[in-house]
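The values are calculated or read from the model by the stated rules, or taken from the named source; none is laboratory data. Just so you know, these numbers come straight off a predicted model, no measurement behind them. Neighbour counts run over all protein chains shown; Cβ positions are idealised from the backbone, glycine included.
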Protein chains: 2
Amino acid sequence: MDATLSPGGAAGDAAVARVPHGPAHVVTIDLGQRSYPILIGAGLLREPATWAGLPRASTAVIVSNTTVAPLYAAALHAALAPHYPRVLEVVLPDGEAHKDWPTLNRIFDALLEQACDRKTVLLALGGGVIGDMTGFAAACYMRGVPFVQVPTTLLAQVDSSVGGKTAINHPLGKNMIGAFYQPVRVVCDLDTLATLPAREYSAGLAEVIKYGPIFDPAFLDWIEAHLGALMARDPVAVAYAVRRSCEIKAAVVGEDERESGLRAILNFGHTFGHAIEAGLGYGAWLHGEAVGCGMVMAATLSQRLGRVSQAYVERLTRLTAAAGLPTRAPVLGPDNAARYLALMRVDKKAEGGAIRFVVVDEQGHAALQAVPDAVVAEVIEACSR
Amino acid sequence: MDATLSPGGAAGDAAVARVPHGPAHVVTIDLGQRSYPILIGAGLLREPATWAGLPRASTAVIVSNTTVAPLYAAALHAALAPHYPRVLEVVLPDGEAHKDWPTLNRIFDALLEQACDRKTVLLALGGGVIGDMTGFAAACYMRGVPFVQVPTTLLAQVDSSVGGKTAINHPLGKNMIGAFYQPVRVVCDLDTLATLPAREYSAGLAEVIKYGPIFDPAFLDWIEAHLGALMARDPVAVAYAVRRSCEIKAAVVGEDERESGLRAILNFGHTFGHAIEAGLGYGAWLHGEAVGCGMVMAATLSQRLGRVSQAYVERLTRLTAAAGLPTRAPVLGPDNAARYLALMRVDKKAEGGAIRFVVVDEQGHAALQAVPDAVVAEVIEACSR
């Protein structure tokens, strides 16, 4: 949308006057035969070109939730109607608490009740929960049907809709049941962010900030310099943040689709964050809030391991707070650290009982490292008391 | 196990005196990086060489059922113990009626309760239901862990354990929720067939017979010539039947892993068969029994379409009956044909409402063909009244 902004460059205010509904910016996820484009731009939902060239089928099914469907399902329905003889909608309850099997099964129920065949195209219209569940439903329905991500939250646009990770939660762990299953297209209509509540917008910023420490110090500088514009949802700043986030995610996922190595760095802050989410009960904190706080904890851990300075931890803490995110970890009961450790031991990055953490340095390099429990416990106590 | 038998060759009686526990015969499924061997032989479960070179992990988990676990889990456990620090067992209720989400979730519960990480190796010890559920659990647990098929029924050895189709049933359709997910190895220990009830053994023969009409008329001749030996579970005849079935399945799956074309021929008899299973309630007839009867129906359909002679239909019907399988279709209520058609319309091969059937000729060529409802209804009535 705006090719002139670059990491560390000047604020984008001068560009606000540009035609907001220009052609989509395209970031490509390069995965050989499974490559696909991420379209980023304003007004894409209503733009006919957005929906050209999708897989042909007799039925398209929009999966959304009770919050997002009233806002955007009609527009998407109208945009799909020229391409599919039948467009159906499945509306699920909203929230992380519903990212479970019974809710997923409502998608299967609807697909089977409507006799949807295995060419049926699913479209995930909503945030990360809808994207993860619709993607997993697409991965499993008749052993795989095509799907399109239409993320309507900042978090989903910059992170969860891109890269093919799909899952539901299990009572004993987040995202434990899922699949690597790539969409055929991702459509990020920036206009949909206008209706996003402030709390969810901030949660999305956590994943934007993440790309700085793990990959691109210049982007971290840019975020810091433009945080005011981002908080004000300045369209040019937001467009750049989404685009750069997707570029970084595309580069990482293109190298390591199934998280055998590099991809794990995208989980910076997530090991602590998942423990917070599970410990408080899914939905108490938003995923992005837990990740924001988790990044502060992971930066603190990196500092204890001698990888970053205390000043860097403070800088990241300030930035996280300024983005409207919590930076103090919740206390999970009297055995606080032990509870965190127990919750983190079922993290998918754990192997043979050892918890592995994404740690960073100040040059934008991330690494996965097993850390002794005692050190982790110190960090937990320092961050939560 | 026996390289001298060939399609249409002499009966294998003379070879019975051979050393029964010779080296495994190996059939390779060629899928590039996901290629894997099928080991076929007597005594493989207890043979240390069978278990060498599997993926390393801190934990191996044997998934079995209440019927098979008491017979073979201890032997498998002992064979795995030198390779894995921890070997766990998950024992599920037996039967197609349990091929559902709640039972699948018992595997996830056990894996998470035992803090199994994403290198954990699952081993499916049992028939098709255990193989399908364990494979799907492996596909989904933490987005994918390795698994080994250890089929203990004839049906699983010749068909369901090979080729990476995994699934559970949905109340509205069989195998509707699943994944294409390949095992790292298949171990067919022919000794385990000794404990198989006659009814299940016959059900397995249905899938053996299937390979004749769809691919190899000489194999059909061989089965006909050796049906007495097969029914007597003559070890050499059984070894050849398993091996030739796996060779044909490997050839088909190697061409078309995800059933975009050729692979569908393996479902000869299955479209009718699935309707029988669903119509009577899963578990009333065994899958192989429904397929046996379904093959007679599909052959009858092929005859109505002018592809095979009436004599061929009668020949296949005789062979199916001699294998101990039903050849008359059940009547599914007063609107019999309509009920069959409704059940078949949710078949995964259906597209845009048209039911597609695998039909054959007498030269071992199979094809997928959409057939008018009226013609199908005639076949249903002819086969079930």
Could we say that B:Thr59 is touching a residue at least 40 places away in the same chain (Cβ under 8 Å) and out of contact with any Leu (no Cβ under 6 Å at 6 or more places or on another chain) here?
yes
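Restricting attention to the stretch B:333-344, does a residue exist that is assigned by TED's automatic domain parsing to the domain that holds B:Cys293, closer than 23 Å to B:Tyr211 by Cα and of a type outside the set (Ser, Thr, Tyr)? It would help to see each step written out before you state the result.
Of all residues in the stretch B:333-344, those assigned by TED's automatic domain parsing to the domain that holds B:Cys293 come to B:333-344.
Restricting the remaining residues to those that are closer than 23 Å to B:Tyr211 by Cα gives B:344.
From the residues that got through so far, the ones that are of a type outside the set (Ser, Thr, Tyr) too are B:344.
Among the residues of the stretch B:333-344, at least one is assigned by TED's automatic domain parsing to the domain that holds B:Cys293, closer than 23 Å to B:Tyr211 by Cα and of a type outside the set (Ser, Thr, Tyr), which makes the answer yes.
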For the stretch A:143-161, enumerate the residues that are at positive phi and buried (at least 22 other Cβ atoms within 10 Å of the Cβ).
A:Arg143
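Evaluate the following for A:Arg118: is it assigned to a helix (DSSP H, G or I) and among the charged types (D, E, K, R)?
Working: assigned to a helix (DSSP H, G or I): no; among the charged types (D, E, K, R): yes.
In short, no.
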Considering only the stretch A:160-171, I want to know if a residue exists there that is touching a helix residue (DSSP H, G or I) at 6+ places or on another chain (Cβ under 6 Å), more than 21 Å from B:Ala179 (Cβ to Cβ) and assigned to a strand (DSSP E or B).
no
Hey, any hits in the stretch B:111-133 for a residue that's surrounded by 24 or more Cβ atoms within 10 Å (Cβ to Cβ), within 9 Å of chain A (Cβ to nearest Cβ), aliphatic (A, V, I, L, M) and within 15 Å of B:Val61 (Cβ to Cβ)?
yes
Residue count, the stretch B:194-234 (criterion: assigned to a helix (DSSP H, G or I), over 19 Å from B:Val27 (Cα atoms) and more than 14 Å from the chain's Cα centre (by Cα))
19
Are any residues in the stretch A:162-195 away from chain B (no Cβ under 14 Å), over 20 Å from A:Pro146 (Cβ atoms) and surrounded by fewer than 21 Cβ atoms within 10 Å (Cβ to Cβ), and if so, which ones?
A:Asp191, A:Ala194, A:Thr195
If we scan the stretch B:134-142, do we find a residue that is surrounded by fewer than 24 Cβ atoms within 10 Å (Cβ to Cβ) and away from chain A (no Cβ under 14 Å)?
no
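Wholly within the stretch B:256-350, which helices (runs of 4 or more DSSP H) include no fewer than the required count, namely at least 2 residues that are farther than 25 Å from A:Met142 by Cβ and touching a Ser or Thr at 6+ places or on another chain (Cβ under 9 Å)?
On the way: elements: B:270-280, B:287-304, B:310-322, B:336-345.
Once the helices (runs of 4 or more DSSP H) in the stretch B:256-350 are filtered for at least 2 residues that are farther than 25 Å from A:Met142 by Cβ and touching a Ser or Thr at 6+ places or on another chain (Cβ under 9 Å), what remains is B:287-304, B:310-322.
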Checked against (1) assigned to a strand (DSSP E or B); (2) more than 12 Å from the chain's Cα centre (by Cα), A:Asp191 satisfies every condition except (1)
Every residue in the stretch A:309-351 that is crowded, with 16+ Cβ neighbours inside 10 Å, among the small types (Gly, Ala, Ser) and modelled with pLDDT under 95, please.
A:Ala350
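Have a look at B:Gly279, B:Gly273 and point out the one that is closer than 20 Å to B:Val162 by Cβ and in the same structural domain as B:Gln363 (by TED's automatic domain parsing).
On the way: B:Gly279 fails: closer than 20 Å to B:Val162 by Cβ.
Being closer than 20 Å to B:Val162 by Cβ and in the same structural domain as B:Gln363 (by TED's automatic domain parsing) holds for just one of B:Gly279, B:Gly273, which is B:Gly273.
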Could you tell me which numbered condition A:Val208 fails, if it satisfies all but one of (1) among the β-branched types (Val, Ile, Thr); (2) farther than 20 Å from A:Ala241 by Cα; (3) more than 14 Å from chain B (Cβ to nearest Cβ)?
(2)
Check the stretch B:69-89 and report whether any residue there is in contact with an Asp or Glu (Cβ under 9 Å, 6 or more places away or on another chain), without any contact (Cβ under 8 Å) to a residue 24 or more places away in the chain and assigned to a helix (DSSP H, G or I).
yes
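So which residues in the stretch B:168-192 are β-branched (Val, Ile, Thr) and closer than 25 Å to B:Thr66 by Cβ, if there are any at all? So that I can check it myself, show each step before the final result.
Quick first cut of the stretch B:168-192, residues β-branched (Val, Ile, Thr) only: B:168, B:177, B:184, B:186-187, B:192.
Answer for the stretch B:168-192, where residues must be β-branched (Val, Ile, Thr) and closer than 25 Å to B:Thr66 by Cβ: B:Ile168, B:Ile177, B:Val186, B:Val187, B:Thr192.
Matching residues to (1) modelled with pLDDT under 95; (2) within 14 Å of chain A (Cβ to nearest Cβ); (3) more than 28 Å from B:Gly43 (Cβ to Cβ):
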site	(1), (2), (3)
B:Thr59	no, yes, no
B:Thr67	no, no, no
B:His77	no, no, no
B:Asn105	no, yes, yes
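Scan the stretch A:366-385 for residues that are in contact (Cβ under 8 Å) with a residue 60 or more places away in the chain and either more than 30 Å from B:Ala110 (Cβ to Cβ) or assigned to a loop (DSSP other than H, G, I, E, B) (or both) and report the count. Show your work before the answer.
Within the stretch A:366-385, the subset in contact (Cβ under 8 Å) with a residue 60 or more places away in the chain is A:366-369, A:371, A:375-376, A:378-380, A:382-383.
Pick out the ones that are also either more than 30 Å from B:Ala110 (Cβ to Cβ) or assigned to a loop (DSSP other than H, G, I, E, B) (or both) and you get A:366-367, A:371, A:375, A:378-379, A:382-383.
Result for the stretch A:366-385: 8.
Please find, among A:Ala206, A:Ala198, the residue that is surrounded by fewer than 20 Cβ atoms within 10 Å (Cβ to Cβ) and small (Gly, Ala, Ser). Even if it seems obvious, please write down each step before you answer.
On the way: A:Ala206 fails: surrounded by fewer than 20 Cβ atoms within 10 Å (Cβ to Cβ).
Result of the check over A:Ala206, A:Ala198: A:Ala198.
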All but one of (1) assigned by TED's automatic domain parsing to the domain that holds B:Leu123; (2) more than 21 Å from B:Leu71 (Cβ to Cβ); (3) hydroxyl-bearing (Ser, Thr, Tyr) hold for B:Thr195, so report the exception by its number.
(2)
